[in-house]
Amino acid sequence: MLRFLTAGESHGRALVTIIEGLPAGLELNLARINGLLKRRQGGYGRGKRMTLEEDQVEIFSGLRGAVTLGTPLTLVINNRDWENWQEIMAPGIEAKLGGKMVTSPRPGHADLAGGLKYRQEDLRNILERASARETAARVAVGAVAEELLFSLGIRVQGQVIAIGNVSVSAEEKIVDSRLLYKNPLYCPAQEASLLMIKAIEEAEKQGDSLGGVIQVVAEGVPVGLGSHVQWDRRLDGQLAQALMSIPAIKGVEIGGGFSTASLLGSQVHDEIEYQTGIGFRHRTNRAGGIEGGISNGEPLVIRAAMKPIPTLAKPLASVEWQTKKTAAAAVERADVCAVPAAAIVGEAVTAWVLAAVVMEKFGGDHLKETLANYKNYLAFVKSV
C-alpha cells in the first residue's frame, strides 16, 4: 500500500514527509521534483512569502544514489522564514508564546472552527497547520508519484482555466509545458490570461482576493484502475477527496460534471467502439475517463473550483477572541490569487492517487516487477 504523512507548520523549521510503499529501483529526478515545487511558488498574484522561500527537497532516507530502496522515503523542505519565527514557534519552554498572537478569526479560514475544536486561546496554533504552506509537502510527494507514473507512460498536468469571471474553454488535453509555464498563470490561453492578470490587479487595488477554476488532465491512464466494489475504492471518490483536501477548494467535477445534470442521457454517455490492435475505446470522453468508479482508458479530466483566499488586506468584520467585541479579522501575509499554485497542487494530488491505485493493482517490490505486471496487463486488454 502506498501512503504518506506530512508534518510541519507554516513558520516552523521545516515540512517533513514520509512515503511508504514505493518499489525499489525507481530512479528519482530531483531536478524535476524541485521544478514542480518552484512552479507551486510561482504564478501571478502570489504574496511576499514566496519571495522569501526557495523550496528544495532534501532526501533523508529511502534513497541510495538516485534510486529508491523500497524503504520509507523521507522528504524534508526547510522553511527559510524560520529564521524570523524561531523564538515564537520554537518547540520547547524557550518559545515566546505571546508573540504575534492571532485573536480575531478570519472569515473563511479554519481559525474559528479550529480554535473552538482544539480549545486554543492563540489562533496561530490553528492557522500554522491549516495554512496552504503544507501543500508544498504534498507537491513534493506528488512529484515523486509522477516519477513512478512516468515509468508507465502516464503524464499528469494542472492548468488554470478560470480566474474570477474570466474563463477559457480549454481543450481537455495536456499542452506543451514549455508554453504553459511561460504563461504567468499556467493558462493554456494567452489572451485570456492577460484579462485574468487585470482582474487580479484590480482585486489587489481593492484589498481583495480572487479565486478560480483549475483543470487536471492525465493521459496514458489504463483501463481498470480503482474499483466499483466498495465506496472507498472508487477512483472518482478518491480523486474528489484528494482535490477537495486542497485548501480553498470548494467543488470538484469529473468530465462533464455539473453540466451533465441538465442534459439527456443520450447527450452525456460515451458510445463504445472496438479497434483491432487497440481494443475497446469510447468515441467521446464526457465521462472524464472514469465510469463506475473505474478508469475506462480515456484521458482523465478533473476540474476544481477554488474560492478566494480568506486573508484580505481590507479585512472583514470578526470578533475578538477574549473580549467578544467586534473587531477586524486578523491580517496575515497572503496571496491575492493562488489559483496557479492550486493547479500545481491539483496535479500533485492527482498523481499521488493514480500512483497509489497503480501500485494497488500491479504491485511489485521492485519497479521491474511492477512494469512486467503492467505490460502483461496492457497486452491482455488489447487482446480481448
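Laboratory data are not the source of any read-out in this text; all were calculated from the coordinates shown. Bear in mind the structure is a predicted one, so any value in this text is a computation, not a measurement. Methodologically, a virtual Cβ is constructed for each residue, glycine included, from the backbone with ideal geometry; neighbour enumeration extends over all protein chains shown.
List of remarks:
- Net lengthening on full extension, Tyr118/Glu271 (0.36 nm per residue, minus Cα-Cα): 49.9 nm
- Ordering of 251-260, 131-140, 324-333 by packing [mean C-beta count within 10 Å, highest first]: 131-140, 251-260, 324-333
- Dipole orientation for the chain: of the candidates Gly257, Pro315, Val229, Pro315 has the Cα lying most toward the positive pole (charges on Cβ; Lys, Arg +1; Asp, Glu -1).
- Annotation: amide H-H contacts under 5 Å for Ala24 (H modelled 1.01 Å from N, sequence separation of 5 or more, or interchain): Gly70, His366, Leu367.
- Label assignment, P(r) over Cα pairs in 10 Å bins from 0, in percent derived from the structure, set (1) 5, 22, 30, 25, 13, 4, 1, 0; (2) 5, 23, 27, 22, 15, 7, 1, 0; (3) 6, 28, 36, 23, 7, 0: (1)
- Nearby lysines by direct alpha-carbon distance to Lys205 (threshold 18 angstrom, same-chain neighbours under 8 apart not counted): Lys48, Lys314
- Under the simplified labelling scheme, the Leu5-Met244 pair shows an inter-label distance of 2.4 nm, with each label point 7 Å from Cα along Cα→Cβ.
- Reachable lysines, given that their alpha-carbon falls under 30 Å from the alpha-carbon of Lys173 and they are not under 8 places away in the same chain: Lys38, Lys182, Lys198, Lys250, Lys307, Lys361, Lys368, Lys375, Lys382
- Student exercise, the chain dipole from Lys, Arg, Asp, Glu Cβ charges, in Debye to nearest 20: 340
- Whole-Hz couplings from phi, Karplus 6.51/-1.76/1.60, listed for region 138-152; x for Gly and Pro: 6, 5, 4, 4, x, 5, 5, 4, 5, 4, 5, 5, 3, 5, 9
- Each residue, Arg283 and Gln206, gets one label point 7 Å from its Cα in the Cβ direction; the gap between the two is 4.6 nm.
- Label zone at Leu316, where the point sits 7 Å out along the Cα-to-Cβ direction: region 77-120 residues whose backbone N lies under 16 Å: 104-114
- Ranked for footprinting exposure by Cβ neighbours inside 10 Å, fewest first, Asp232, Asp335 give Asp232, Asp335.
- Rounded tilt (10° steps) of 367-383 against the dominant C-alpha axis of the chain: 50
- With a simple spin-label model that places each label point 7 Å from the Cα along the Cα-to-Cβ direction, the separation between Arg13 and Tyr377 comes to 4.0 nm.
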